[in-house]
Structures are given as structure tokens and as C-alpha cells.
Amino acid sequence: MPIWDSDSIQGVELPKTYNPQETEDRIYKLWEESGFFTPENLPLRQDQDKPEEVRKFVTCIAPPNITGELHMGHALELTMQDILVRMKRMQGHKTLWVPGIDHAGIAAQNVVEKQLKKEGLTRHDLGREKFEQRVREWKEKYGTAILGQFKKLGISVDWSRTRYTRDEEYEKAVCNAFDKYKKEGWIYKGLRVVNWCTRCGTGISDLEVNYVPEKTKLYFIKYGPFTLATTRPETKLGDTALAVHPGDERYRDYVGKEIEIESVDNNIPLLEEPKLKTIKIEVVADESVDKEFGTGIIKVTPAHDTTDFEIAQRHNLPSIKIIDEHGKMNKNAGQRYQGMKTAEAREQIAKDLEAIGLMGKIEDYEHNIARCDRCDSVIEPLPSEQWFLKVSELAKLADEAIRNNEVEIYPKNWKDVTLKWINNMRDWNISRQLWWGHKIPIEGEEDVLDTWFSSALWPFAVLGWPEETKDMREYYPTQFITSDRGIVFLWQIRMIFSGKYFTGKVPFSVIYIHPTVLTKDGKRMSKSLGTGIDPVGLIEKYGADALRFGLAYQNTGIQDMRFNEDVILMGKKFANKLWNIARYILMKTGDNFEAKRTNHEIIKKMESTVSLVSENINSYKFGEAAHELYDFIWHDLADKYIEETKDKEDIETKQTLAYVLINSLKLLHPFMPFVTEEIWSKLPTKDPEKSQSDLGASKKLLLVEEWPA
């Protein structure tokens, strides 16, 4: 156990200013060498008669992608998690925080393909084996680098338990989960319309699609006796029905009948003048139709729209695929349009319909365009044979866990939102047409599993599941998980039903949804858009403590946090203020540094602050806790009490100052661990409640000192 010999620092003043650049790396190395990030090395202080689950605190990092760099979302998330972890550790819990990284599937393949493109190559030029090796090389060079950046932030994870979603043991867990699901009939292969990314060349889930508002056109097209509104006239060639709402009186007499409609002849060459052809098409009634959209009647293109596919399933309608996996019109679109990209075909068909008198008005229109979350390409809904996980029954496991408060969600207003989403879950497309990822464990199958399939196993796979390991026995289930709202449904909900299904227990008892960090102007942070802010740069400029405290100070229950560098500057000034307070008290007390609880008003105020800070952290109100600390240390202690003591030299005043300093450092340590640990190392004391006669007594790191009661 590392100690400081306080004999060597008696009478030594703190430097006039605190320099985080000279301190933080040294302090972090000291923490690592202490072994206290590993729970087995911790000095436990809680009552041993308490149940083991009460005396432990376990959480897992949300594993960053191997493609990543530390960004402001990471900085906020990890700071809040570390505040909680450090307090629990100081309270005597057997505390474990598991770190790791995710292989990232489509994201990793995307970034390496971009690198190859700069070299004039594609993955097909390399072949699958060599391409996978290039991704592994990328991971070794850049993937683990982000964990080093995390150290700059000061997070207190157990690095000896670092996991990777493609390490050997994790691969076994993924295969075991797939095999068990398949054996029990939860996994099936089927032809369904999926979100298809034409650039990535794979199907993706609904949750990996970004809906971006864009200006487009709304076309009103004549269909026999009707006029229909659509944003995609090019899919007219794949229409197999028209649909209306069952309660729409305007179209009641047409439901169930076939009507004759005119269309453009798609089997004449493009160079010829467009011509009419006549086809018959059925009108069906379906609850999914919005009576208020357009004219209240829609065309049904089962192969190229998810809603239309489901309508077709309910009414036994045929499906005609007219767009291929490259986003081009295929042979079913006819020789007139075959080979055109969808945007090109849209323009041409609109012209042709106008030429033959079937185009009505065209209006400017803004609606959400589906784009790939990874490469931003426009998504094409396409019929594709994929592996699916039935989630209707599995979702009930998550629903019950949340309704029964086995898993609590903070902020609490997210509970109803989450339950509503769970009750509308569709079967999960778990296969991807990629080269990088967990290969589906079926002979002859070339597809890989969706990244989120393996991530859903994270809280128990990192502890050794499916083996009955010592870590599984001692540390599962965990107590806490956190992320922003962006992956609650992608990740947390899937972890809940996976945990319940495979282990019989919820994987964690609390989900904390932290704010999403935006720019000062409320825009999404993005390096490619030039709106990203580098946390490492801020750490180098202001210090990690300043960044941590500033982020915590802003986190006051808001859903979107508009980042303001001014609060980081405030954090730096606060660190300097704390340093000056400690410097004053050490100079004031000299060799008579003895901490004792007195009856002074400042002690009562401090104890009230202890209670409020503890309560707020336990309620995940990190901003409120930071405000309480700031107000007490800056105003109550520095502005008021210290000013009162400047002309006082009595023992009681010195004892009070020492006592308040010691407990202030403990309270502030989870928020500003570096500066508090550095000051702590200079204090010639052992414990505020014990005899201080031996000024040369050793003391523990502040990291594992006892939390104020």
C-alpha cells in the first residue's frame, strides 16, 4: 500500500499556484500502482454483517468503438460514472468498474474502407482475410489509444479486467448466445424488407438509421379515378395495390375491388417518347394509412417500404423488387429505367408521367430522409433474406423488469417512454453483410452478427459468462449503467432481456441517461461538420479537474447540454481556489496541523453539505452536488470563515480549519480527483477522528480514504 511520509513535508509550503500539467500523469500512475482500482485490493470498512450485494458496487463502461477518439459525450459520461464510483469506493463498497472496447462492426469496416480508398484499393482487392487483418491492425494502433485518452480524464477503472468484444472468451459467449437462441426457436431466417445501406452493402436496424429533414417534392399522380400524393414516383413501377383507411368514407365503395389504372410503359427504350399502358390493381383497407396525408389514399410498394411490406403481409399482396442493392433500378423496372440510380429515375419518371398527362401538381415538401448512421448514405428499404431474433416474448422480460422496478431509469420521465418503445419492438435483424464482426456460427454462412448482438451480452460476458467464473459469482449482477439517450434502445433494453434470458437476473439495477452534449449554439457536435470540441485539448489547456467539474456543474437535469467553455474556465479557477485555501490552512496551522470536530457554525454547514452531496450523487443529480460543493467551498469556507480566521491563532480555529479542509477534499475528490489527491499528499495527518500526536504517521491515498459521514 503506497504511503507518504509526512515527516518529509512538515513545514513545506504548497507552491503558489497549482499546475495540473505537472501533476495529473504522476498522480494517475500512483493510483494505478496502488492496485486500488482492483476491488480485491481495497480496504473494506462496511459492516461485514451486511449482505454481499449491499457491500459491493459494480458497473461497466459503455465500450467505445475501436474507431473512436475521446469526445465530449465520453467526457461527460465517464466523469459522471467516475464520480459515482469514487464515492462508492470511499464509502467502503467492494467497487469494480470494468473497462473495454467494442469491435464496432460496420463502423470499423467503414473507417478502414475509407483508409483503403485513399490507397486506391477496396476490401475486395485485399480479400476477406487480409481485410480483417487490416482492421485488427487499425484496432491495435487506434482502438486502444482511446483507453489511454480515458486515463487523461482520470477514470478509476480496473484496467486488469479490460475486455474486448472480439477477444477469445467473448467470442465464445457470442456463439453460445446465438446457439441457445437458435436451439430454442428464437432465431429464424426470413425474407423481409430491411433498411439497406447501398454504400456499406448491408442491412441495418431501424435504430441505426438517422432521419434527417430535407427539402424535396411531393408529387400528385393520377391513378385511375384517384389522385395520390407520393415523394417517390420511381417506386410506382413496383406498386401492387392501393390502400385507404377503413374508416375513410371517401373510398369505402372501392375497398376490395380491382380498378384499372394507367401508367407509363416501362418496356420501351428511353430514347422513345413515353407511352401509356393499362394495368389492374386492388384497393385494400388498412389501419396504417393516414387519412390526413395527401388525398388519404396511398400506393403500396411492398418491396421498397417497411409499412407497405407489412400491409402486403396482412393482405396477401405480391411484391415486385425494382431497386437493387446498389441503389439502381433493376430489370423489373423495365428497359426504359434499368440501371438508373433512384434519384435519376425519380426525375425521369416524373417527366414521363407529366408527358402522358398523369402528373398533377408538384409541391415543395420537407420530410425526414432515412440515412445510414455510419456513412450518411440514403437508405433504401429492400427485401432481403436475413437472420432475425424474435423479440416479442423477449421484450416482455425487459418490460417486466422496468415495470417492477428491478431496473430503475433516471431521469424518471424516461420510464414511460422506454416502456412504450419496448411494446412496439419488431423482430431484430441480427445479420449483417459485412466482413468485420462475429461470423454467424452456422457452417457456410458468410454474414456477421449485428454489433449490438454482442454488445447486449456485455455486463455478464465481461465477467466470464457462460462459464460460472469467480467474477460471475462475486460481481454479477452489476448495479449501474449509463449512456445518452441515443443508445438506450439499441443497447440498454437489449442488455436487460439478454441478461434475464441467459442468467435469470437483470444485468444492472439502474440506468442513468445523461444529457447529450451539443455545441454552444445547440448543434450536434461533429468533427466532420467542424463543430466538434476535443476534450484532450481542453485537458491540456485547463486540466482534467477543470473539465470534469465544469461538465458536472452544467449537468443539472437538462436533456441537451449546450457546451460552454466558460464553465471549464470556472472549473480551473475553482481548482486554484481550492489550492489557495489549502495553502492558507497549511501555512496557518504549520506544524500544529490537527483536525478536530468543533462546535463552530462552519462545521454544521459542512455536515449539511456532506448530506446534500451524498444524497444528490446517489440520486444521480451530479450538477446539484457540484453546485453545493462550489457554494460551500468558495463562499462559506473561503469568503466567510477563512476571512474570519485571518487574525486568529487559537488552537480551536486551527483544528476547525484542518477538519474542514480534510473533509472538503474528501467530498470534492470524486469531482476533482487530481488536485484533491495532490493536496492530500501534503497533509501531515492520518485521520480527523483519531489522535494526531504522531505527525509522522502514514496515511492512505485519498482515493480510498473514508467518505465523510
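The values are calculated or read from the model by the stated rules, or taken from the named source; none is laboratory data. Small disclaimer: the values here were computed from a predicted structure and weren't measured. Every residue, glycine as well, gets a Cβ built from its backbone with ideal geometry; the counts of neighbours run over all protein chains shown.
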*Say we look at segment 19-43 and pick out the residues that are in contact with a strand residue (DSSP E or B) (Cβ under 8 Å, 6 or more places away or on another chain) and among the hydrophobic types (A, V, I, L, M, F, W, C); which of these is modelled with the highest pLDDT?*
PHE37
*asked:* Six or more apart or on different chains, Cβ atoms under 8 Å: show the pairs whose first residue is in segment 23-45 and closer than 22 Å to ASP471 by Cα and whose second is of a type in the set (Asp, Glu).
replied: PHE37/ASP158; THR38/ASP158; PRO39/ASP158; ARG45/GLU706
*Which one of these does HIS627 not meet: (1) part of a loop (DSSP other than H, G, I, E, B); (2) at pLDDT 95 or above?*
(1)
*Restricting to helices (runs of 4 or more DSSP H) lying wholly in segment 343-460: which have 3 or more residues that are hydrophobic (A, V, I, L, M, F, W, C)?*
392-403, 414-422
*State which residue pairs qualify: first residue of a type in the set (Val, Ile, Thr) and modelled with pLDDT of 90 or more and inside segment 419-445, second residue surrounded by 16 or more Cβ atoms within 10 Å (Cβ to Cβ) and in a loop (DSSP other than H, G, I, E, B) in any location, beta carbons under 8 Å apart, and separation of 6 or more residues or different chains.*
ILE430/ASP450; ILE440/ASP447
*asked:* Among the residues in segment 44-58, are any modelled with pLDDT of 85 or more, part of a loop (DSSP other than H, G, I, E, B) and under 27 Å from the mean Cα position of the chain (by Cα)?
replied: no
*Select, from TYR641, TYR620, TYR659, the only residue that is part of a loop (DSSP other than H, G, I, E, B) and modelled with pLDDT of 95 or more.*
TYR620
*asked:* Please count how many residues of segment 533-569 are in contact with a helix residue (DSSP H, G or I) (Cβ under 8 Å, 6 or more places away or on another chain) and closer than 22 Å to CYS375 by Cα.
replied: 1
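Residues are listed down the side, and each one gets a yes or a no for (1) more than 18 Å from VAL174 (Cβ to Cβ); (2) in contact with a Pro (Cβ under 8 Å, 6 or more places away or on another chain); (3) touching a residue at least 24 places away in the same chain (Cβ under 8 Å):
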| residue | (1), (2), (3) |
| --- | --- |
| VAL407 | yes, no, yes |
| ASP447 | no, no, yes |
| ASP450 | no, no, yes |
| SER454 | no, no, yes |
| PRO459 | no, yes, yes |
| TRP465 | no, no, yes |
*Could you please find all residues in segment 239-273 being of a type in the set (Val, Ile, Thr) and touching a residue at least 40 places away in the same chain (Cβ under 8 Å)?*
THR240, VAL244, VAL264, ILE268
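Being over 22 Å from ALA345 (Cβ atoms) and among the hydrophobic types (A, V, I, L, M, F, W, C) is the filter here; which residues of segment 376-388 pass it?
TRP387, PHE388
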*PRO477: in the same structural domain as ILE61 (by TED's automatic domain parsing) and over 15 Å from ASP399 (Cα atoms), yes or no?*
yes
*in contact with a Lys or Arg (Cβ under 6 Å, 6 or more places away or on another chain), over 20 Å from THR227 (Cβ atoms), crowded, with 16+ Cβ neighbours inside 10 Å and touching a residue at least 24 places away in the same chain (Cβ under 8 Å) - does that describe any residue in segment 300-317?*
yes
_Scan segment 142-159 and tell me whether some residue there is at pLDDT 95 or above, under 28 Å from ASN195 (Cβ atoms) and buried (at least 20 other Cβ atoms within 10 Å of the Cβ)._
no
*Filtering segment 117-141 down to residues that are in contact (Cβ under 8 Å) with a residue 60 or more places away in the chain and buried (at least 16 other Cβ atoms within 10 Å of the Cβ), which residue is nearest to ARG548 (Cα to Cα)?*
LYS139
*Checking TRP97 against (1) outside any loop (DSSP other than H, G, I, E, B); (2) over 11 Å from ILE66 (Cβ atoms); (3) out of contact with any strand residue (DSSP E or B) (no Cβ under 9 Å at 6 or more places or on another chain), which test does it fail?*
(3)
*asked:* Checking the conditions here, which among TRP387, TRP436, TRP421 is more than 18 Å from LEU191 (Cα to Cα) and touching a strand residue (DSSP E or B) at 6+ places or on another chain (Cβ under 8 Å)?
replied: TRP436
*Report those helices (runs of 4 or more DSSP H) wholly inside segment 117-204 carrying at least 2 residues which are of a type in the set (Gly, Ala, Ser).*
145-153, 168-183
*With respect to THR451, determine if the residue is surrounded by 22 or more Cβ atoms within 10 Å (Cβ to Cβ), modelled with pLDDT under 95 and within 23 Å of the chain's Cα centre (by Cα).*
yes
*Could you pull out the residue among LEU70, LEU84, LEU96, LEU76 that is at pLDDT below 95 and either closer than 16 Å to VAL157 by Cβ or not small (Gly, Ala, Ser) (or both)?*
LEU70
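Residue by residue, here is whether (1) assigned to a loop (DSSP other than H, G, I, E, B); (2) outside the structural domain of LEU76 (by TED's automatic domain parsing); (3) at pLDDT below 95 holds:
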| residue | (1), (2), (3) |
| --- | --- |
| TRP579 | no, yes, no |
| ALA582 | no, yes, no |
| LYS588 | no, yes, yes |
| LYS596 | yes, yes, yes |
| LYS604 | no, yes, no |
| THR609 | no, yes, no |
*Looking at segment 500-568, what strands (runs of 3 or more DSSP E) fall wholly within it and have at least 1 residues that are modelled with pLDDT under 95 and hydrophobic (A, V, I, L, M, F, W, C)?*
516-518, 560-562
*For residues that are within 23 Å of THR531 (Cβ to Cβ) and more than 44 Å from the chain's Cα centre (by Cα), tally how many sit in segment 556-609.*
0
*asked:* Among (1) closer than 23 Å to GLU310 by Cα; (2) outside the structural domain of ASP308 (by TED's automatic domain parsing), there is one condition CYS372 misses while meeting the rest; what is its number?
replied: (2)
*Which of the residues belonging to segment 327-360 are among the polar types (S, T, N, Q) and exposed (fewer than 15 other Cβ atoms within 10 Å of the Cβ)?*
GLN335
*Tally the residues that are within 17 Å of PHE226 (Cβ to Cβ) and surrounded by fewer than 17 Cβ atoms within 10 Å (Cβ to Cβ), restricting the search to segment 256-293.*
14
